[in-house]
Amino acid sequence: MADGGRGDYAIETRGLNLWYGDFQALFDVDLGVKQGIITSMIGPSGCGKTTLLRTCNRIIERLGYVRTTGSVTVLGNDIFGDDVELVQVRKKIGMVFQRPNPLPISIRENVLFGFRLHEARLRKITAAEEHEVLESSLRQVLLWDTVKDRLDKPATGLSLEEQQKLCIARLLPVKPEVLLMDEPCSALDPAGTEAVEEMIWRLRGEYTILVVTHNMAQARRASDECVFMLLGRIIEHGRTEEVFLAPECQETADYIEGRYG
Amino acid sequence: MDRRDLAWHVDRVARILVFVGGISAIIFIVGIFVFVTKEGLDFVFGSLDLGEFFTSIAWRPTSNNPTYGALALMVGTASVTGFAMLFSVPLSLGAALYIGEFATGKTREVLKVLVEMLAAIPSVVWGFVGMSIMNPLIIRVFDVPLGLGVLNAGLILGLMAAPIMTTIAEDALKAVPDTYREAAEALGATRWEVILKVVIPASKNGLLAAVLLGVGRGFGETMAVLMASGHAINLPTSPFDSVRALTATIAAELGETVNGSDHWGALFTLGIFLFLVTFIINLTADLVVRGIRKK
């Protein structure tokens, strides 16, 4: 890929190390996440997949005792660079959390929260425009028909599945290019998982999606590429079917067969 | 077998003790209310002219022809409390925001302890500060003849009410789930946007409750207000005017009245009035806090 340019990678890490206080959670991670596809990250608990995901938009630094070395380049920007505005980086990177976390405001306000935040800095937004954004975002996550009659009801009254869809919908109005998802289905029942997975699959192509999952079946059926991590290192990264059918490393094979994890 | 029996008895005794402790609060509240009302009610329905009580400023209980107009006292209490809130609310909410949202580690711990220590200063000490430090200061800075008045008492009362407001407000901020902040930050909100658009709206009931408790504290405070307000019956027209508070009146006069006299009854009437006002304020605060939980 070109130096400083986008290349094929939406996210690229080089020699990334990360410490929580004295504990090192990531070791020398080199990862290239290709643009426009769904990449899943699997591995046992505590292997660093969530940490890696949360480093990509620097939300990990909320903890305060986190230290990193190495570089993370997202959409051509070194996110640790001095000249980078975190707010602009985060605008381009949406994040979905393990537990649906809609804000305690109405469905409408939830979807428009990020939009109002970013657009209002630049210009005045019209009500018609807001409504259009609202409808198209909710349609993209297949939620419009369910909620169109109760847009002003609190978002916390929705089912977990609907909440999670809403949490994805609220990312879309600010036109992100990358979506980071941290076990987006782990709080949902099987039907909800299927619905959300199906919806995520529909977003493929339009967005680069990096998804952490505990559920191997999910990684297998709903991702193009798969990253296997163990103890803070990337062990294997390849096309999902290859990682599952013909893993190169013994550890990967053992994990996939359920010998540990 | 024996040991289980012993444990069973201990459990039973403990349960009774805890139960008594639990309902004692109710007993005391009701007891105080009954007592205060009993002492005041005869007077309220007997010789008190309610119109005069609420509209006249003539509080002359020891005159040959006594009048019991409490308007100036009510205005005194209200003006001092109002002034106190005027500067204490922004101060306390600011402190709570800083402690809850910005300060970390040691700074935060030290600040929390200091704020709580502020609450432990006896009110007579605050009154002393008002009389011996604030009074000459106000005289010098504003070039007025007397520094004991609404301004002085309001400042002192504001400082006294700040710790409780800060602590409750900080609790309200802490009750906002961190996932909300995380969600907003991940959407690209700056720290201020997170606070203004997410944290404060989510905790507004708790913050309002904090303010109301501060107001309740202001209404009830006696000694510091007695010392710093000038204790003169007066409808204030400027912040430098002396006023007299309801509470201070009771404290200053009750010891010199004849048990059961009209004056005695009038003071208890002030007590009933205060009790009702603080009760309503606290009840509102409580309902407001409950309002959050329901959502």
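The values are calculated or read from the model by the stated rules, or taken from the named source; none is laboratory data. What you are looking at is a predicted structure, and each value in this text was computed from that prediction instead of being measured. Cβ: placed from backbone, ideal geometry, glycine included. Neighbour counts: every protein chain shown.
See the values below:
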| item | result |
| --- | --- |
| Residue among B:F53, B:F45 that alone is over 30 Å from B:I168 (Cα atoms) and surrounded by 11 or more Cβ atoms within 10 Å (Cβ to Cβ) | B:F53 |
| Members of region B:187-234 found to be under 30 Å from A:K91 (Cα atoms), assigned to a helix (DSSP H, G or I) and not charged (D, E, K, R), listed by number | B:W192, B:V194, B:I195, B:L196, B:V198, B:V199, B:I200, B:P201, B:A202 |
| Residue match in region B:210-227 (condition: closer than 30 Å to B:I99 by Cβ and within 14 Å of another protein chain (Cβ to nearest Cβ)) | no |
| Residue within region A:202-213 that is assigned to a loop (DSSP other than H, G, I, E, B), surrounded by 15 or more Cβ atoms within 10 Å (Cβ to Cβ) and not acidic (D, E) present | yes |
| Index of the failed condition, B:V198 passing every other in (1) crowded, with 21+ Cβ neighbours inside 10 Å; (2) within 17 Å of B:L287 (Cα to Cα); (3) more than 13 Å from the chain's Cα centre (by Cα) | (2) |
| Filter result for the condition that a residue is assigned to a loop (DSSP other than H, G, I, E, B) and of a type outside the set (D, E, K, R), over B:P163, B:P239 | B:P239 |
| Top-ranked residue in region A:29-58 [being within 12 Å of the chain's Cα centre (by Cα) and within 14 Å of chain B (Cβ to nearest Cβ); ranked as nearest to B:L187 (Cα to Cα)] | A:N57 |
| Residue in region A:58-71 that is touching a Gly at 6+ places or on another chain (Cβ under 9 Å), surrounded by 13 or more Cβ atoms within 10 Å (Cβ to Cβ), over 19 Å from A:V96 (Cα atoms) and not hydrophobic (A, V, I, L, M, F, W, C) present | yes |
| Residue list for region A:179-188, restricted to those being surrounded by fewer than 22 Cβ atoms within 10 Å (Cβ to Cβ) and within 12 Å of the chain's Cα centre (by Cα) | A:D182, A:E183 |
| Test result for B:L254, over 30 Å from A:I60 (Cα atoms) and touching a Leu at 6+ places or on another chain (Cβ under 7 Å) | yes |
| Tally of residues being in a helix (DSSP H, G or I) and surrounded by fewer than 22 Cβ atoms within 10 Å (Cβ to Cβ) across region B:176-186 | 5 |
| Residue that is part of a helix (DSSP H, G or I) and touching an Asp or Glu at 6+ places or on another chain (Cβ under 7 Å), where the choices are B:L157, B:L137, B:L114 | B:L157 |
| Extreme residue, farthest from B:T190 (Cα to Cα), among residues of region B:84-105 that are more than 14 Å from chain A (Cβ to nearest Cβ) and among the hydroxyl-bearing types (S, T, Y) | B:S88 |
| Subset tally (residues that are within 12 Å of chain A (Cβ to nearest Cβ), small (G, A, S) and touching a residue at least 60 places away in the same chain (Cβ under 8 Å)) for region B:162-200 | 1 |
| Residue count, region A:89-142 (criterion: away from chain B (no Cβ under 14 Å), outside any loop (DSSP other than H, G, I, E, B) and not hydrophobic (A, V, I, L, M, F, W, C)) | 9 |
| Those residues of region A:59-88 which are in contact (Cβ under 8 Å) with a residue 40 or more places away in the chain, under 25 Å from A:G21 (Cβ atoms) and either within 11 Å of chain B (Cβ to nearest Cβ) or in contact with a Ser or Thr (Cβ under 9 Å, 6 or more places away or on another chain) (or both), in sequence order | A:I60, A:L63, A:Y65, A:V66, A:T68, A:G70, A:S71, A:V72 |
| Candidates B:A25, B:A72, B:A14, filtered to the one that is surrounded by 11 or more Cβ atoms within 10 Å (Cβ to Cβ), assigned to a helix (DSSP H, G or I) and among the small types (G, A, S) | B:A72 |
| Residue in region A:169-176 that is away from chain B (no Cβ under 14 Å), of a type outside the set (K, R) and buried (at least 21 other Cβ atoms within 10 Å of the Cβ) present | no |
| Restricting region B:106-117 to residues that are away from chain A (no Cβ under 12 Å) and charged (D, E, K, R), the residue that is surrounded by the fewest Cβ atoms within 10 Å (Cβ to Cβ) | B:K106 |
| Among (1) surrounded by 21 or more Cβ atoms within 10 Å (Cβ to Cβ); (2) away from chain B (no Cβ under 14 Å); (3) part of a helix (DSSP H, G or I) - the single one A:S223 does not satisfy | (3) |
| Only listed residue being touching a Leu at 6+ places or on another chain (Cβ under 7 Å) and outside the structural domain of B:L208 (by TED's automatic domain parsing), chosen from B:T55, B:T62, B:T37 | B:T55 |
| Residue, farthest from the other protein chains (Cβ to nearest Cβ), within region A:177-205, restricted to residues that are within 26 Å of A:E130 (Cα to Cα) and free of Cβ contacts under 8 Å to residues at least 60 places away in the same chain | A:M199 |
| Single condition A:V196 does not satisfy, out of (1) β-branched (V, I, T); (2) over 28 Å from A:I79 (Cα atoms); (3) part of a strand (DSSP E or B) | (3) |
| Members of region B:242-262 found to be modelled with pLDDT of 90 or more, crowded, with 17+ Cβ neighbours inside 10 Å and assigned to a helix (DSSP H, G or I), listed by number | B:L246, B:T247, B:A248, B:T249, B:I250, B:E253 |
